Amino acid sequence: MEAIYQGKTKDVLVADGKCYLKFKDDVTGTDGVIDTGGNEVAGSVEGSGLVNLKVSTFFFEEIEKRGIPTHYIASDFDQTLMEVKEATHFGHGLEVITRLKAVGSFIRRYGLYIEEGSDLDFYTEITLKDDQRNDPLIIKEGLVQLNIVTAEEYEQLIQLNKEITQIIRDILAENGLVLYDIKLEYGRDKETSEIILIDEVSGGNMRVYKDEEYVEPIDLINHINIGG
């Protein structure tokens, strides 16, 4: 296999006309402190790559069952590989953040107007993937004027993201878990140009609580009935 892109927690590989994500044990953080929202590799947690692959596989399969398009094809747990459809990014990549509770950076910005922990109605923010500029927030008009998405694609993206977030929230709730917020990525299917969910859907993407206690990303697998 040939590595065509090396990311912080995953590499993109190609072989025999197929595309794969190689899940790694590296974890992100800031200044050497592990933090799923960080923009640099802060260390390594043994087994985290396999856990993230198993959790991502579970969620992708559940989302696909509901007729929603993703890049997922199949997973090989022994090799920590996920076979995926080829997709192109919007610009250099977007992150779509959905907030169901007023916590984290949201409360730091808007705490004058809302109490920490208050419910939010699928409040959605989009950031540009740009480590050098700390992943800046961007609004619809900016995305359209910079030719990153069309106005129609933006509406499709927001609706698709809400549907997927609802699915994930409900699955977590069935397991006694509460989703506070989640960060997902999307792209265009290289063959059809359809907007699809890409990257991963693991504990590192979301902030989850059980009985008001934070669930560490690597421990999420222990709270969901996925046979893993």
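The values are calculated or read from the model by the stated rules, or taken from the named source; none is laboratory data. The structure displayed is predicted, hence computed values, not measured ones. Because the Cβ atoms are built from the backbone with ideal geometry, glycine has one as well, and the counts that use them run over all protein chains shown. The protein model used for the area step is the full one, side chains on, heavy atoms only, and it has no ligands, DNA or RNA in it. Shrake-Rupley method; radii C 1.70, N 1.55, O 1.52, S 1.80 Å.
With contacts taken as Cα pairs under 8 Å at a separation of at least 6 residues, region 88-222 carries a relative contact order of 25 percent. Note on V12 and Q132: their simple-model spin labels are 1.9 nm apart, each label 7 Å out from Cα toward Cβ.
The E86 and L120 beta-carbon pair, evaluated with R₀ = 30 Å, returns a calculated FRET efficiency of approximately 0.30. Here the spin labels are modelled as points 7 Å beyond Cα on the Cα-Cβ line, and at S105 and A3 they lie 2.7 nm apart. Summary value for the chain: 18 percent relative contact order, contacts being C-alpha pairs under 8 angstrom separated by 6+ residues.
To the nearest 20 Debye, how big is the dipole of region 88-222 about its Cα centre, given +1 on the beta carbon of each Lys and Arg and -1 on that of each Asp and Glu?
Values: 14 positive and 28 negative charges, 72 e Å.
Dipole about the Cα centre, nearest 20: 340 debye.
The alpha-carbon of K18 sits under 15 angstrom from the alpha-carbons of these aspartates and glutamates, leaving out residues fewer than 8 places away in its chain: E2, D76, E83, E86, D189, E191.
Please arrange H89, H71 by accessible surface area, largest first, computed with a 1.4 Å probe and ligands excluded. Each step should come with its number before you reach the end.
Details: H89 90, H71 10 Å².
Putting H89, H71 in descending order of accessible area: H89, H71.
Calculated from the structure at hand, volume of the Cα convex hull per residue in Å³ is found among (i) 136; (ii) 115; (iii) 161 as (i).
GNM on the chain, C-alpha springs below 10 Å: top fluctuator among S48, S56, S105? Among S48, S56, S105, the largest GNM mean-square fluctuation belongs to S105. Here the dipole of the chain is about 260 debye; that uses its Cα centre as origin and unit charges on the Cβ of Lys and Arg (positive) and Asp and Glu (negative). Say the dipole of the chain comes from +1 at the beta carbon of Lys and Arg and -1 at that of Asp and Glu; which of M82, I68, L220 then lies farthest toward its positive end? Positive-end residue among those listed: I68.
Starting from region 99-163, pick out the GluC sites (Glu not before Pro) whose DSSP state is loop and whose Cβ has at most 16 other Cβ atoms within 10 Å. Those that pass, being in a loop and sparsely packed, are E115, E116.
For region 2-84, what's the relative contact order in percent, using C-alpha pairs closer than 8 Å and at least 6 residues apart?
Values: 157 pairs, mean separation 19.9, N = 83.
Reported as a whole number, the value is 24 percent.
Per-residue ellipticity at 222 nm computed for the chain from its helices equals -7500 deg cm²/dmol, with DSSP H segments shorter than 4 residues left out and the rest contributing -39,500 (n - 2.57). The length gained by stretching the chain between A151 and R66 to full extension, at 0.36 nm per residue less their Cα-Cα distance, is 28.0 nm.
What is the sum of charges around E125, taking Lys and Arg as +1, Asp and Glu as -1, for the other residues whose C-beta is under 12 Å from the C-beta of E125?
Working: positive: R99, R109, K140, K183; negative: E95, D135, D181.
That works out to +1.
Scaled to the compact-protein estimate 2.2 N^0.38 Å, what is the alpha-carbon radius of gyration of region 92-210, rounded to two decimal places? Spell out each step's value before the answer.
Working: Rg = 14.8 Å, N = 119, 2.2 N^0.38 = 13.5 Å.
Rounded to two decimals, the normalised Rg is 1.09.
Cα-Cα over 19 Å: which of K65/K85; K10/K54; K162/K190? Show your work: numbers first, answer last.
Working: K65/K85 17 Å; K10/K54 14 Å; K162/K190 23 Å.
Distance filter (> 19 Å) returns K162/K190.
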